[in-house]
Amino acid sequence: MNRELHPWQWPEAHWRGLVNQVRAGRSLKPKSWPDGARCAFALSFDSDHETNELRDGGKSIGRMAWGQYGARVGVPRIAALLRRHDVRASFYVPAVSAMLYPEEQKALVEAGHEIGIHGWIHELNSGLTYDEERELMLRSSDALAKISGKRPVGLRTPSWDFSPHTLRIEKEMGLLYDSSLMADEDCYELLLDGAPSGVVELPVEWVRDDAVYFMMNRFQAQRPYTPPADVFDIFHREFEAAYEEGAIFQLTCHPHIIGYRSRIWILEELIRHAKAKKNVWFATHEEVVRWAKAHSG
Ligand SMILES: [Zn+2]
């Protein structure tokens, strides 16, 4: 009935119901971080590779080459940087990416990094039925577990596209956490239809995403608009403020976006600044969530 009404005609119960589908519940900001660290530093990489183009139909050989760059150059360069500085991170990998590059996932897990769910083929969840989304999520989890040898405990929805079914499926799967929403800067418990779901959110933000500043599409008006030094400045200010607040510095990058010679230094500089503080905890998203859940409230 309400579908036919304009939003300004909806009864209060309707708009309240929409808002309450998925909501931030109690804060899970921990009282302290491990070993007296002042701040948690959580890097993440979404290894989309060719799946962005495949999701859109797979017609562009050129855009698939760009995706392959992410696997061929981006991930090895990122992995070498993390190894040099002894930093562990989280990689969210569509199952199709993992099947195209199983050795990449195995090497990352061996180096201590986390592999999390990132859809089957980078599909948009909001276009799926509950059954379709659930089947893809279970299939993706199985594929990652088989390839990496470890069952993933966290999900980042492709394109941070969260459907009305996503949280229910995460809860049913017993996932520890989600990292696709942005109602806070600290971890929080997700509410499903107003009730605690048991699933923790480790929030992301567009402002801390490399794609926002660097994405490019030859056939659209989309062009990179921020010089790398300015992107570093934004990320660095995010880190410094998180440090002052004793909070989490969380960053989302993509191997086919940040992996370039003129950009990878942004991550190295951030790590150097954080290491110079002497009391920053570098951790995977899973570790941050486990700690926050156990040491808050
Ligand atoms: Zn992605």
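The values are calculated or read from the model by the stated rules, or taken from the named source; none is laboratory data. Predicted model, so just to flag it, every value in this text is computed and none were measured. Every residue, glycine as well, gets a Cβ built from its backbone with ideal geometry; the counts of neighbours run over all protein chains shown. Heavy atoms of the whole protein, side chains included, go into the accessibility calculation; ligands, DNA and RNA do not. Shrake-Rupley method; radii C 1.70, N 1.55, O 1.52, S 1.80 Å.
Data table
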quantity	calculated
Local electrostatic count at Glu133 - Lys and Arg +1, Asp and Glu -1, tallied over other residues with Cβ under 14 Å	-4
Fraction of antiparallel bridges per DSSP, the range 144-297 only, in percent to nearest 5	45
Point-charge dipole on Cβ atoms (K/R +1, D/E -1) for the chain, about Cα centre, debye to 20	720
The range 18-157 - charge dipole about Cα centre, Lys and Arg +1 at Cβ, Asp and Glu -1, debye rounded to 20	620
Descending Cα extents along the principal axes, the range 40-170, whole Å	44, 35, 27
The chain, helix-only ellipticity at 222 nm - DSSP H runs n ≥ 4, -39,500 (n - 2.57), divided by all residues, nearest 500	-12000 deg cm²/dmol
Per-peptide average of other Cβ atoms within 10 Å, ordering 248-255, 201-208 highest first	248-255, 201-208
Net length gained if the chain between Arg26 and Arg272 were fully extended (0.36 nm per residue, minus Cα distance)	85.2 nm
Per residue value of the accessible surface for the chain (all protein chains in place, 1.4 Å probe), Å²	47
Potential lengthening between Trp265 and Ala145 on full extension [0.36 nm per residue; Cα-Cα distance subtracted]	40.0 nm
Modelled FRET efficiency - R0 45 Å, Leu18 with Ser60, Cβ distances, 0.05 increments	0.80
C-alpha center-to-center spacing [the range 38-93, the range 230-297] in angstrom	17
Rounded if a/c under 1.5, otherwise prolate or oblate - the range 176-297, Cα gyration tensor axes	oblate
Computed E for Glu244/Arg218 - FRET, C-beta separation, R0 45 angstrom, nearest 0.05	0.65
Sequence-separation-based contact order of the range 164-272, relative, with Cα cut under 8 Å and 6+ spacing, percent	22
The chain - percent of accessible surface contributed by carbon and sulfur, probe 1.4 Å	53
Choice from Ala98, Ala274, Ala37 showing the highest fluctuation, given a GNM over the chain with Cα pairs closer than 10 Å	Ala37
